[in-house]
Each structure stands twice: as C-alpha cells, then as structure tokens.
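The values are calculated or read from the model by the stated rules, or taken from the named source; none is laboratory data. Just so we're clear, the structure is a prediction, and the values are computed from it rather than from any experiment. Counting neighbours? That spans all protein chains shown, and the Cβs are built from the backbone with ideal geometry, glycine included.
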Amino acid sequence: MTMDRRAFLKLASLCPFAGAASVAWAAASPARKLFILVELKGGNDGLNMVVPYADPEYARIRPRLAIPRDQVVQLSEQSGLHPSLAPLRAAWDERRLAIVQGVGYPQPNLSHFRSIEIWDTASKSDEYLDAGWLARAFAVSPSPDSYAADGVVVGPGAMGPLAGPGARAIALTNPEQFLRNARLARAEGESRNAALAHILRVERDVMLSAERLHVGGKLATEFPRNPFGNAANTAVQLASNEAGIAVVRLSLGSFDTHANQLGTHANLLKQLGEGLAALREGLMEIDRWDSTVIATYAEFGRRPHENQSGGTDHGTSSAHLVLGGAVKGGFYGARPDLARLDGNGNLPFAVDFRGYYATFLERWWGIDSTKVLGARHAKLDFI
Amino acid sequence: MTVERGAPIFLAREHDLHTMRVLAAAALFIASIAAHGAPIGYDGARHLLNRVGFGATDAEVRDYASLERTQAVERLLGGARREALLRPPAFVDAPFEPYYRIRQMSPEERMAAQRRLVEQGLELRAWWLREMLVTPSPLTERMTLFWHNHFATSQQKVRLGQLMYRQNALLRREALGNFGTMLHAIAKDPAMLVYLDNAGSRKQAPNENFAREVMELFTLGEGHYGESDVKEAARAFTGWSLDRGTGEFTYRRVWHDYGEKTVLGKSGRFDGDDVLDVLLARPEAARFIAGKLWREFVSPNPDPREVARWATIFREAHYEVKPLLRAILTSDAFWSAENRGALIKSPVELVVGTLRTCGISPFDLRPAVFATAALGQNPFSPPNVKGWPGGDAWITSSTLLGRKQWLERVFRGSDPATMAMTEHGDDAKAAAPGERYRRMLERGMSDYAFDVERFDRAIASAPGPARIDRLLLATDAVNALPDGLDSAERVRALVADPAYQLR
C-alpha cells in the first residue's frame, strides 16, 4: 500500500494543478460524500427535456418536434419536463431536484469528440488537457486510504472525467462478476513501456478495489429492466459498500438525434426518468439519499431549430438535472431565450460548466476548485 | 560487409572536408542498404506479421524470417487481395428488403424481421472474423478493419445487413487501393447515407451530420475547418440519397441546392463530389491519414517529421495506399526496438490473433464475435462515428478482466465444469432472451480448446521454451515464469501475462 501511494504521488505530480498533492495527502482525508454522474452521450436536446412550453417561439421553430403544451409535466408557468420524465415529479415536489438551464462554455465546439473532451477535462475551448477533471480533483485531494476506489465507471465506455493517473478508478458492469474475475489480476511491477505501464496500473487498481468491495445484498427497490436500470442498480450496490467510493459514473445514449427524434428521444428520456427515480428510491432504501448528489452532463445540447429530417443538429448550451437529499430544488441558470440565438442559430450559455463543476467540488466535497480547475468560477446555489 | 563499410571512412580522413562529406554520405547510404538488406529474422518476422495481420503461426513466422525488409513488405503488398476469400452469408444475395416495407409490417412480422436483422448481423460478423482467421492476405483484412474504423458505420442504426455487407466489400476493394476513390464511393455508400443522415438531407434545411464528419473524421481532422464550411458543404451534399426500393444510391434533383457555395475558401456551384475534391486537395488530409496509420502500425506517439514524410509520399502518389504502406512498413520507426510491443491489441486482434497463432479453428465463430463485443469491439457496430478510440482505452479493469477470462477459458481446455461457468452463467439477470441466446452460444465454445500436442508438433523444429515465448509475446513477460512448466502450462502462463496484451 505504501509503495502504491508513493507511485501514485509520483504520477500525481505530473498532473497540472496538482502541486499541492503531497500537502493534501499529509492532512487527514475526511470521508467523502458520494457523487453520481450521468453522461447523456451524443448531446441531449435540452429544449425538449426542459420544455419552455409557454414561449410561442418554441412551437414556431419546432413545428414537428415541439412537445404539446398539454403533455408537458408543468413545473412552473414557463417551463416543464418532457412527459417521459414524469417519474422525476416526486423529487421535484420534495424540492430535491434542481434544473440548471443554459449550461455551456464560451467558443463552443460542435464536435462530439472534442466537446466531450472539453467537458471531461474541464478545459477551455482551445486548451488541451490530458487528465479528467475528477482525476485532477483526486490528485489534489485523495480519498481516504481505506476507500475501495476513488471512482467506478459503470458499463462500457471511456473513463471520461476519471481518466488519468490521479484517480484510483475502475470500470465494471456487474460488481459480482467483477469480483469473480478479479482473481485473474496478479501482475506486479512497473514498465517504461507506456502501454504496459497502463495495463499494470489497471491490474493494481483491480486488486486494490477487489479486496474492499463486498456487494450482492438484496434490494427491495425495483429497477427498470434495461441497461440503464441495471446500471442504477449497480450504483446503489456500490453506494452501500462499506469501504467508500467517491464517484460513480453512469451513462446513457445515444442522444445524437439528427433524424426522427421524437420517438428515440422519448424512449431515452423514459429510461433516464425511470432509472433516476429508481436510483433515488434505492438510495433512500440504503439510507444514502442525503449523502449522495446525482448530476447529468453531456457534450452539448442541440440546435433550437429542428432540421428537415425530423431531428436536431449539434447545438451548444443545454439543461442539466441535479438530484439528491441535500439538493435545493428549483430552477437555476437562465431559461433559453429563443429570440437571441447566435450566428449559427445556437443558444448562448448562461452557466459556465466549470462553475457547475466548481459547485460540486466546493460545496459537496470542500475542495478548493481553483486547484482543480485552474481559475475561479461562479458557483451555483443548488447545494 | 562491415569491412567494406569501414574502408571509405578510413580513406576519407586523408582527403579534404568536401570529399569526406561525400564519402560519409555514401557510407551512410551503404549502411542503410545493409540494414534493409539483412534478413529480418524470427523476431522481425513475428513483429511484422503481427502488426499487419491477426497473429501468425510459427510456420508463417519462419517463412518470413529469411526475407529482407523490402522483400517481406513487397510480398505482403503483392499478395494483397481485393475480395474476400470466403463466400459471404447467403442473405446478401437475397432480394432487398426496403425499410418502408418493414415499417408497414404488423407488430409480429416486425419482431420477426428484427430478429432476422440481428441474425444477419451475427452471420456477417462471424463471416468476417473467419475471413481474418483463414485469409492468405491478413493485411487486406487489417486495412479493411482500419477503414471500417475510419469510416465508422454501425448496424445499430443502418439495421440492414445487406447494406453493411456492401460497405464492407467497398472498403475491402479499396483497402490497399486509392483513398480518393474510396472517399468518393463512401460518400455515396447507402449504409453511410443512412448512418450519417444524408439520405434525407434537403436544400430547405440541410442535415449537417455527414458534412461535419467528412471534414473532422474522414479527411482533415478537428480544427482544420470552420462552422461555415460545415454549413456550406452540407448544402452541396443535399439530394444524395437512397432509392427506397433497391437501397442503391440515388440523386434527388429536387432536394439538391444548386446555388453557389464556399468551402475552405473555394467557391462554386459545388455538388458533393466537388466538395470532396476540395478536401482532398488540402495537405491536412494526407497528414491526417498518415498520422492515424502511425498509431495503427507503429506506436501511440506519432513522430511529426516522419508522418510529414509519409504524407508527402501519399499525396505525390495521388492517395494510392500501397506506396504509403510501403513507406511505413519499411521505415526505421516501424522496425525500431523501442516500438516493439508498444501497442495494445484490440479485442479483434486478441481473439482472432490468439486463434490463428495457436492453430485453433473453431466450427462456430459466433462465440468469438460475442467475445470481441464483450471486450469492447463489435465489428459493424462501432460506438459512434469516430470509431473505437483504441490505445489505452481498450484496457479498463472491466475489459482487462474480460480478456483474461476469455483466454483462461480457451487455454483451460474442454473441462465441462469450466464450460458451465460462463461469463454471465450464474447471473440471475441472465433470464432475458438475449442472455439465454448468448449462453447457448457460449456453450458452442467447447471446440475452442487449445490442442497443445498439435501446437508442440507444429513448432517441433525448434523446440524449447524460448521459441514459445518469442512466438507468443511481443516483449518480455512481466511475471517471472516458474521453472519446469510443460508446454501447456507455459502457454497458459504466457497468455495470462500482461505482456500478452501487447503487439
């Protein structure tokens, strides 16, 4: 363990903004509240998720795609949720659902891959960083030594915000299967070959986490029988683990609805709504709802004007959902102003996504966000 | 050779500086001939065949070991096929089943059609993996897979197996042919037209999906075009569509925008082909492809100067692929010791390569298809239009354990107790029909067992542990192997080693 931590520090010192890693490590690491991130892969249509149903411009620019007013789950006199998100009504009524509108960044990039990289690394639009923003956060402020992992990515896909040497992170689909197979990891050592060094690091993280994961308890909560429902189930199992886990990342997609959007989007939001509702119920069952915050993110929203294929093209800022027993529910950010689109027909942003991140770092974990994000960003009051 | 090389340098010391420079250059030239002229040897042949194909048997490696660099590369390029060796699944020749007919079906019929399409996809994948396993031209299949990853198109959206097959045949035909020809053909390829939504793009509100990706992912790379270029190019591609009845490309005049467009500083009444030519005229295009091929064949870290050299060769050859590959495969970077074992095997390389190297030829390749999919690479279904990210991203805790588990199963033999313990075997959630089907197929893995006696006989001409190690690993094993292992135990230990994940 000692050697592992030393190796970790050596790696952490290579990260940007991680200068204080050794100091932070010397201080006692307090237990850490759980943060569940949900990536809406492909770029979610925020305008049809949080619907500005009272704005006549909305129906005008979306003749085929506008959600009819009488189907919207109305939350205020201006805005409401897509009907597929009706399962989130309970959290809203308890004032435990925050809706953050207009989240984006200056000089938006409309490429999926570049934009998600910007979100994952919390970089500027024209800045290239290697490590994910959460990996940098853990480099600055490591989780307690006793933790099973800094982060767990559930399901296939990249490590995203947890990528990079600063975080002790694992990926798994099913925890029981992970534990069964963990016996196959047994390599020791280091290598100058970068590819081999990566494999060895993954083996070591598997061995460390497997020692401390004890899952398989039966839950009364029923989860939807689809991959996102299974992932929500896994998230609750991980949340119930005795040795801590600081972050769980789930994902759902693809939201890249260039054509025939209505049905596809309704189905995806149904999975999202039912999955998040089950997640809430499961966390309440294991008494972790108050010590967990759940937040969505995506590379971008979609173009307000629908296209000729019954879909929407890549856009910029979008709405995001934050839920949890400690969340102050309500609307944050700014309602989309459809009369004020930019030269490409896209929405300006109201909330910098790095401010969104800073809110979790500072208010949820008490980490100085400037050490992670490199600058100060305005925080929001949803926590 | 050494003596002859040394002689002119010695003589040069007695001459003036100019002569010395000339002679030194000559000596360098001779030295480089010497490096190219020596046989590549067993380790060199293993390196070459594993990088250009999917594993290689001991016999194949020995066959190439006595060749010189250029001879070996010319033999690979000269023997490259443009068509598959194996007959494709029968469904590809069946009458075309249009989308609209599926939409008109009753719910039961539609379910049956859906199952048929899933089955087609499986057959297609199993056929392709078999082709990779048995082809005399593995380089063709590697390049076909490379272009599939480059022009990534997924059956998840395209659905019709016939269209996926047609695109695969196109990619194979031009895999070592001409990139410009391939780009023009792929822009009109029905599967691509569906996948990136161009099939429905009309002048009143063009769909930007294809126009963006053709610049960002297929030719120039991110940062070498602007938002207005995307919008203008999208106008040029309007009307490139699909015939509903035949599934062939069709040009819909009434949907096309005939106005003037400006793309990357060039203006005219462009159609799609004109825009593609504008993109091909940009120097970034050759650099983009050359850089990607560095990461495919050499290492994760391209050397910009060498990539620029390759890009120049590619451009001057009018985008012919073979001259580019010749430059890559004969380069010092490709052969350098530090780049051996510098790449992580993709799931397809791991699975097909293991079967090929160890002489395992299963009756049913669908379990291998499931294995590659579970490990993160389902051919004909890349995760998105950027393809599989590859590199370090292939290995997470989940996929690494999956790889080790699959290898353990193959090399533990056909012990029935082992066969019952499949990946999701004792998973309570495995009751879903898809899972049951999967389990049934995994039982079909009983003939994936490794025949160690046959393997031993095949390398009998040079027995001993060193040869097995050199055949199976691209670089030294991480874990020290205990003494006294028999061949079967030794193979099991080697494939379990982290170094086995490298190529």
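Let's see how each residue does on (1) of a type in the set (A, V, I, L, M); (2) more than 20 Å from the chain's Cα centre (by Cα); (3) within 28 Å of residue A:254 (Cα to Cα):
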residue	(1), (2), (3)
A:313	no, yes, yes
A:317	no, no, yes
A:332	no, no, yes
A:353	no, no, yes
A:367	yes, no, no
A:372	yes, no, no
A:376	no, yes, no
Could you go through the range A:346-358 and let me know if any residue there is charged (D, E, K, R), surrounded by fewer than 24 Cβ atoms within 10 Å (Cβ to Cβ) and under 20 Å from residue A:56 (Cβ atoms).
no
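If you check residue B:396 against the conditions, is it in the same structural domain as residue B:475 (by TED's automatic domain parsing), within 30 Å of residue A:176 (Cα to Cα), surrounded by 20 or more Cβ atoms within 10 Å (Cβ to Cβ) and within 21 Å of the chain's Cα centre (by Cα)? Explain how you work it out, then say what you get.
Working: in the same structural domain as residue B:475 (by TED's automatic domain parsing): yes; within 30 Å of residue A:176 (Cα to Cα): yes; surrounded by 20 or more Cβ atoms within 10 Å (Cβ to Cβ): yes; within 21 Å of the chain's Cα centre (by Cα): yes.
Answer is yes for this residue.
Residues in the range A:70-82: is at least one of a type outside the set (A, V, I, L, M, F, W, C), closer than 27 Å to residue A:273 by Cβ and in a helix (DSSP H, G or I)? Can you show your working first?
Start the filter on the range A:70-82 by keeping residues that are of a type outside the set (A, V, I, L, M, F, W, C), which leaves A:70-71, A:74, A:76-80, A:82.
Within this subset, residues satisfying the condition of being closer than 27 Å to residue A:273 by Cβ are A:70-71, A:74, A:76-80, A:82.
With in a helix (DSSP H, G or I) added as a condition, the list becomes A:70-71.
Within the range A:70-82 (the criterion being of a type outside the set (A, V, I, L, M, F, W, C), closer than 27 Å to residue A:273 by Cβ and in a helix (DSSP H, G or I)), the answer is yes, since at least one residue qualifies.
Table: residues versus (1) surrounded by 19 or more Cβ atoms within 10 Å (Cβ to Cβ); (2) under 30 Å from residue B:408 (Cβ atoms).
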{"position": "B:288", "(1), (2)": "yes, no"}
{"position": "B:336", "(1), (2)": "no, no"}
{"position": "B:353", "(1), (2)": "yes, yes"}
{"position": "B:356", "(1), (2)": "yes, yes"}
{"position": "B:359", "(1), (2)": "no, yes"}
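Per-residue answers, yes or no, for (1) touching a residue at least 12 places away in the same chain (Cβ under 8 Å); (2) closer than 27 Å to residue A:279 by Cα; (3) at the interface with chain B (Cβ under 8 Å from one of its Cβ atoms):
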| residue | (1), (2), (3) |
| --- | --- |
| A:174 | yes, yes, yes |
| A:179 | yes, yes, no |
| A:186 | yes, no, yes |
| A:224 | yes, yes, no |
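From the list A:148, A:239, which residue is within 19 Å of the chain's Cα centre (by Cα) and either more than 10 Å from chain B (Cβ to nearest Cβ) or of a type in the set (Ser, Thr, Tyr) (or both)?
Details: A:148 fails: within 19 Å of the chain's Cα centre (by Cα).
Being within 19 Å of the chain's Cα centre (by Cα) and either more than 10 Å from chain B (Cβ to nearest Cβ) or of a type in the set (Ser, Thr, Tyr) (or both) holds for just one of A:148, A:239, which is A:239.
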Mind listing just one residue for me: the one in the range A:342-381 that is aliphatic (A, V, I, L, M) and out of contact with any Ser or Thr (no Cβ under 6 Å at 6 or more places or on another chain) and, of those, nearest to residue A:97 (Cα to Cα)?
A:351
State whether the residues of the range B:452-473 include one that is buried (at least 16 other Cβ atoms within 10 Å of the Cβ) and either of a type in the set (Asp, Glu) or modelled with pLDDT under 65 (or both).
yes
Any residue in the range B:89-109 that is closer than 20 Å to residue B:155 by Cα, touching a strand residue (DSSP E or B) at 6+ places or on another chain (Cβ under 9 Å) and not assigned by TED's automatic domain parsing to the domain that holds residue B:332?
yes
Options B:144, B:153: the member that is crowded, with 22+ Cβ neighbours inside 10 Å and part of a loop (DSSP other than H, G, I, E, B)
B:153
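Could you run through the range A:189-222 and say how many residues are among the charged types (D, E, K, R) and more than 11 Å from chain B (Cβ to nearest Cβ)?
Taking the range A:189-222 as the starting set, the residues that turn out to be among the charged types (D, E, K, R) are A:190, A:192, A:201, A:203-205, A:211-212, A:218, A:222.
Adding the requirement that they be more than 11 Å from chain B (Cβ to nearest Cβ) leaves A:211-212, A:222.
So the count comes out to 3.
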Residue check, residue A:238 surrounded by fewer than 24 Cβ atoms within 10 Å (Cβ to Cβ), of a type in the set (A, V, I, L, M, F, W, C) and in contact with a helix residue (DSSP H, G or I) (Cβ under 8 Å, 6 or more places away or on another chain):
yes
Residue B:207 vs (1) within 14 Å of another protein chain (Cβ to nearest Cβ); (2) in contact with a strand residue (DSSP E or B) (Cβ under 9 Å, 6 or more places away or on another chain): all pass except (2)
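Please tell me if residue A:129 is surrounded by fewer than 23 Cβ atoms within 10 Å (Cβ to Cβ), in contact (Cβ under 8 Å) with a residue 40 or more places away in the chain and either out of contact with any His (no Cβ under 9 Å at 6 or more places or on another chain) or within 14 Å of chain B (Cβ to nearest Cβ) (or both).
On the way: surrounded by fewer than 23 Cβ atoms within 10 Å (Cβ to Cβ): yes; in contact (Cβ under 8 Å) with a residue 40 or more places away in the chain: yes; either out of contact with any His (no Cβ under 9 Å at 6 or more places or on another chain) or within 14 Å of chain B (Cβ to nearest Cβ) (or both): yes.
Taking the combined requirement at face value, the residue satisfies it.
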Which ones in the range A:70-122 are more than 14 Å from chain B (Cβ to nearest Cβ) and without any contact (Cβ under 8 Å) to a residue 12 or more places away in the chain?
A:70, A:93
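So, residue B:219, is that one more than 9 Å from every other protein chain (Cβ to nearest Cβ), within 18 Å of the chain's Cα centre (by Cα) and β-branched (Val, Ile, Thr) or not? Steps first, answer last, please.
Values: more than 9 Å from every other protein chain (Cβ to nearest Cβ): yes; within 18 Å of the chain's Cα centre (by Cα): yes; β-branched (Val, Ile, Thr): yes.
Here the answer is yes, as residue B:219 does meet what is asked.
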Within the range B:361-375, does at least one residue satisfy the condition of being surrounded by fewer than 21 Cβ atoms within 10 Å (Cβ to Cβ), assigned by TED's automatic domain parsing to the domain that holds residue B:490 and at positive phi?
no
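For (1) surrounded by 18 or more Cβ atoms within 10 Å (Cβ to Cβ); (2) more than 14 Å from chain B (Cβ to nearest Cβ); (3) of a type in the set (Gly, Ala, Ser), each residue gets a yes or a no:
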position	(1), (2), (3)
A:282	yes, yes, yes
A:299	yes, no, no
A:310	no, no, yes
A:320	yes, yes, no
A:334	no, yes, yes
A:363	no, yes, no
A:371	yes, yes, no
A:380	yes, yes, no
Scan (1) away from chain B (no Cβ under 12 Å); (2) modelled with pLDDT under 90 for the single condition residue A:161 breaks and write down its number.
(2)
